[in-house]
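Engineer: Quick one: this structure, given as structure tokens, is what I'll be asking you about.
The values are calculated or read from the model by the stated rules, or taken from the named source; none is laboratory data. Please read these numbers as outputs of a predicted model, since none were measured by experiment. As a convention, Cβ positions derive from the backbone with ideal geometry for all residues, glycine included, and neighbour counts pool all protein chains shown. Only protein heavy atoms, including side chains, enter the accessible area calculation; ligands, DNA and RNA are left aside. Shrake-Rupley method; radii C 1.70, N 1.55, O 1.52, S 1.80 Å.
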Amino acid sequence: MSTGGRSAGLLLFRVTEGMGGRDVEVLIGHMGGPFWAGREAAAWSVPKGEYGPEEDAEAAARREFVEELGVPVPPGEWIALGASRQRSGKTVTVWALEAELDVASVVPGTFTMEWPRGSGVQQEFPEMDRFAWCTPEQAAERLIVGQRVFVGRLRAQVRGTATSPDA
């Protein structure tokens with residue numbers, strides 16, 4: 001298990017109206033590569049990535065969004081959702097942005113790894129192999145556990161019940 005590290009991400013959302021009033025749908029991505037293939041529960045993520053001490057968290061979130069989705073960050077006001085420490089020890093900071101995005105327009109970034117392990121063969125895989133707009137309930141099932149808090153914080157802000165992004 002790794003310790004420490006920092007990641008930053010950007011969670012796109014759109015406001016919906018339902019029987020319970022205002023709510024949200026969020027855009028999340030299924031993690032690519034052989035480890036995540038065939039898994040759904042806790043195998044999705046906010047588009048995010050690591051950054052070093054020389055980079056600002058917001059700049060990293062913007063860079064990672066472009067790298068992972070292959071499209072520019074939509075214009076709009078960023079909403080701070082705060083940070084959350086993951087089981088790995090990494091701290092993830094996320095912003096939300098209200099915007100529409102057609103998932104068919106996404107061209108995911110890739111990474112290279114030896115696969116199968118020990119074969120000496122390098123293969124390329126998408127960082128995220130598909131994207132979907134999800135209700136908060138769907139996101140709670142799909143997102144890795146440590147990122148679910150961001151959907152709750154966003155939902156509270158949209159509904160006007162938020163206290164603090166670090167609550």
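Engineer: Name the single residue, out of those in region 1-32 being outside any strand (DSSP E or B) and over 18 Å from SER45 (Cβ atoms), that is most open to solvent (accessible area, probe 1.4 Å).
Structural biologist: Our first condition is that a residue be outside any strand (DSSP E or B); within region 1-32, this holds for 1-5, 19-20, 32.
Within this subset, residues satisfying the condition of being over 18 Å from SER45 (Cβ atoms) are 3-4, 19-20.
Numbers: THR3: 123, GLY4: 29, MET19: 206, GLY20: 75 Å².
That would be MET19.
Engineer: Among the numbered criteria (1) in contact (Cβ under 8 Å) with a residue 24 or more places away in the chain; (2) of a type outside the set (S, T, N, Q); (3) open to solvent by less than 50 Å² (accessible area, probe 1.4 Å), which single criterion is violated by GLU55?
Structural biologist: Going through (1) in contact (Cβ under 8 Å) with a residue 24 or more places away in the chain; (2) of a type outside the set (S, T, N, Q); (3) open to solvent by less than 50 Å² (accessible area, probe 1.4 Å) one by one, GLU55 breaks only (1).
Engineer: A further question follows. I want to confirm something. Restricting to region 36-52 and keeping residues that are of a type outside the set (Gly, Ala, Ser) and more than 25 Å from GLU137 (Cα to Cα), which single residue is most open to solvent (accessible area, probe 1.4 Å)? Give the derivation first.
Structural biologist: Keep residues of region 36-52 that are of a type outside the set (Gly, Ala, Ser), which gives 36, 39-40, 44, 46-48, 50-51.
Pick out the ones that are also more than 25 Å from GLU137 (Cα to Cα) and you get 50-51.
On the way: GLU50: 114, TYR51: 33 Å².
For region 36-52, the residue satisfying everything is GLU50.
Engineer: Just for region 90-147: of the residues that are touching a residue at least 60 places away in the same chain (Cβ under 8 Å) and in a helix (DSSP H, G or I), which one is farthest from LEU10 (Cα to Cα)?
Structural biologist: So the residue we want is GLU141.
Engineer: Test of understanding: among GLU50, GLU25, GLU55, GLU64, which residue is closer than 19 Å to GLU124 by Cα and of a type in the set (Asp, Glu)? Can you show your working first?
Structural biologist: Details: GLU50 fails: closer than 19 Å to GLU124 by Cα; GLU25 fails: closer than 19 Å to GLU124 by Cα; GLU55 fails: closer than 19 Å to GLU124 by Cα.
GLU64 is the lone residue from the list that is closer than 19 Å to GLU124 by Cα and of a type in the set (Asp, Glu).
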